[in-house]
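Here the structure comes first, spelled out in structure tokens, and everything after it is commentary.
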Amino acid sequence: MKNNLLIILLSGFLLLTISCRKDIILSGANYNIEFSNDTILFDTLFTTIGSTTKYFKFYNNNSGKLSVSSIGLAGGTQSPFRINVDGASGISFKDIEIDAGDSMFVFVEVTIDPNQNSLPLIVEDSILFNTNGNIDKVVLNAWGQDAHFHVNELVEGTWSNDKPHVIYGIAAVGYPSLDSNKTLTIEAGTKVHGHANATLYVYKSSLVVNGTVNSPVVFQQDRTEDYLLYSADSTSGQWRGIYFYEPKTSLLENAEIKNATIGLQIDTNSNNESVTLDKLKVNNSLYANILTQGANVMATNCLFGSSNNFSAFISIGGNVSFEHCTFSNYWTNSRNSPAFVLKNYYESVDDNLIFRPFNQAEFKNCIFYGSTENEFFLDTLVNYNTSAVFTNSIIRIDTTLDNQTVFNNCFVNQEPYFQEPYFWNFDISDSSNAIDNGTTSTLFEDLLGRPRIAPNDLGCYEYQ
């Protein structure tokens, strides 16, 4: 009995001793904190645009409490960086206590001031920690670049490739009641970046994108550094996209559009005006990579890849021609929509169905494929829209194609065997059913500028 009582007393004393020890602030120079990272890097920001938030942690792996005498930005108020320590924002912090075995978060953001240098620049600072006389630092690096900014403005003339072009709000080539019949030309190698909801808007005017195979024009979001948990290119809908309304004759050649809400929207061409797309890639849109409504579009060697909804939504009339194009959706999350939709009607405000047939809708040597069983849908008011013709194309569909007027020598559910479709690589492999199944074409090269060899391969890539 006495032995048991003694054990209980000793145990209680030991627990009390340990508890008291944990509350003691360790003050010797041999007691210090540790860090999850010693360098925080922000990759390719634009001047005046705030970064995404990055973070690191510091730890007290000692048996007692520590007091960090000071935490602060070495650059003080002149620093382009901003920090938040354990939920509090500021430049410097004093006497931060951290319990034994505990950790704290430090969040970091950065804004780079404008300069006149067109070359990339780097800004540096560090966060200094003083713990028991030990001075530690976490280095902060941010690459940035000056840019041409277009903030709700009318634009025309030429966008050069000397600096990136960043759109806030709307950059409008023509605008209702203000101006029209303007032309914007974009040089090869130009990078165009849209802020959240930004739109390159072409109203009764022309857009000419003069990319080359080796120097394409790229349209994308304005935040290019990775997010905390995922890459910048994994997120769709980061800007609105390119929107044509009643455009004059336009050309997009050797260009890429990515991470928009609607990558390319074309509405209502007049009979003698059209938009030509050649060697265009559109990927990772939130709604559709391309949406047409009564448009005149001629597309060759184009890729309309993965999207949260539609790779392509071609609708309500116009003259459309797609030759050697790939419509293929391997969206990594759940998706209920097919890669490709052709629709010849719309609903009026009083719920009437208005028939809008195509004058012409031709698809030749194309691929319509993806990760679901049905990637192809003709949404028409009649059994088939007889103005639409699909020739020598691979189609993934869960029904049969029994109308030979509409479907001419098409290949149902024949796997195209893309190389890495979940990583936006829709080039075909040596086992692809697209090889040598094309009909006669006037195109002599593919999306990458490689020669086409008769008999042609289907889609925008020619197997080499």
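Computed from the coordinates by the stated procedures, all read-outs in this text should not be read as laboratory data. For clarity, every value in this text was computed on a predicted model and none was experimentally measured. We place every Cβ from the backbone using ideal geometry, glycine too, and count neighbours over all the protein chains shown.
Couplings for the stretch 122-128, taken from phi via the Karplus curve 6.51 cos²θ - 1.76 cosθ + 1.60 with θ = phi - 60°, read 10, 10, 9, 7, 8, 9, 9 Hz in order; Gly and Pro are left as x.
If R0 is 41 Å, the Cβ-Cβ spacing of ASP267 and ASP430 corresponds to a FRET efficiency of close to 0.50. Between ASP113 and THR405, the contour length at 0.36 nm per residue exceeds the Cα-Cα span by 99.0 nm. Taking 16 Å as the cut-off, the amide N atoms of the stretch 64-86 that come nearer than this to a point 7 Å along the Cα-to-beta-carbon line of GLU34 belong to 64-66. Dividing the alpha-carbon radius of gyration of the stretch 234-283 by the rule-of-thumb value 2.2 N^0.38 Å gives 1.21. Taking 37 °C and 0.692 mPa s as conditions, the chain diffuses translationally at an estimated 128 µm²/s according to Stokes-Einstein applied to its Kirkwood radius (Cα pairs).
Legend: calculated FRET efficiency, SER160 to LEU229, from the Cβ-Cβ distance at R0 = 60 Å, rounded to 0.05, equals 0.95.
Amide H to amide H, with H built 1.01 Å from N, PHE322 comes under 5 Å of ALA299, GLU362, PHE363, LYS364, counting only residues 5 or more places away or on other chains.
Here's how it looks for ALA434: its modeled amide H is under 5 Å from none belonging to a residue 5 or more places away or on a different chain. What angle do you read, to the nearest 10 degrees and between 0 and 90, between the alpha-carbon axis of helix 2-23 and the longest principal axis of the chain? Approximately 60 degrees, to the nearest ten. Label the stretch 310-393 by shape, choosing from rounded, prolate and oblate, from the square roots a ≥ b ≥ c of the eigenvalues of the Cα gyration tensor; if a/c is under 1.5 it is rounded, and otherwise prolate applies when a/b is larger than b/c, oblate when it is not. Because a/c hits 1.5 or more and a/b fails to exceed b/c, the stretch 310-393 counts as oblate.
Rounded to the nearest Hz, the phi-derived 3J(HN,Hα) couplings of the stretch 405-410 under the Karplus curve 6.51 cos²θ - 1.76 cosθ + 1.60 (θ = phi - 60°) are 6, 8, 10, 10, 6, 9, where x marks glycine and proline.
Please say if the stretch 34-144 is rounded, prolate or oblate, where rounded means a/c under 1.5 for a ≥ b ≥ c the square roots of the C-alpha gyration tensor eigenvalues, and otherwise the choice is prolate for a/b larger than b/c and oblate otherwise? In terms of gyration-tensor shape, prolate. Remark: the ASN333-ASP179 segment gains 51.2 nm on full extension, using 0.36 nm per residue and subtracting the alpha carbon distance.
Phi-derived couplings, Karplus 6.51 cos²θ - 1.76 cosθ + 1.60 at θ = phi - 60°, listed residue by residue for the stretch 174-180: x, 7, x, 6, 10, 6, 7 Hz, with x used for Gly and Pro.
Here LEU381 and ILE25 are evaluated by their C-beta separation; at R0 = 56 Å the FRET efficiency comes out at 0.10. Taken over the C-alpha atoms, the stretch 44-99 has Rg and Dmax values of 14.0, 45 angstrom. Going from the fewest other Cβ atoms within 10 Å to the most, the residues SER231, SER307, SER160, SER177 appear in the order SER177, SER231, SER160, SER307. Applying a threshold of 29 Å to the alpha-carbon distances of LYS191/LYS343; LYS57/LYS258; LYS204/LYS279; LYS182/LYS364 flags LYS191/LYS343; LYS57/LYS258; LYS182/LYS364 as lying beyond it. Between THR212 and SER441, the simple label model (points 7 Å from Cα in the Cβ direction) yields a spacing of 2.3 nm.
Each helix, a run of at least 4 DSSP H residues, gives -39500 (n - 2.57); summed and divided by the residues of the chain, these come to -1500 deg cm²/dmol at 222 nm. Looking at the stretch 204-308, the chymotrypsin sites (Phe, Trp or Tyr not before Pro) that sit in a DSSP loop and have at most 11 other Cβ atoms within 10 Å of their own Cβ are TYR230.
Oblate is the label for the stretch 360-464, because a/c, from the alpha-carbon gyration tensor with a ≥ b ≥ c as root eigenvalues, is 1.5 or above and a/b does not exceed b/c. Amide hydrogen proximity for SER306: with H placed 1.01 Å from N in the peptide plane, the residues at 5 or more positions away or on another chain lying under 5 Å are ASN284, TYR330. DSSP assigns beta bridges within the stretch 259-386; of those with both partners inside it, close to 5 percent run antiparallel.
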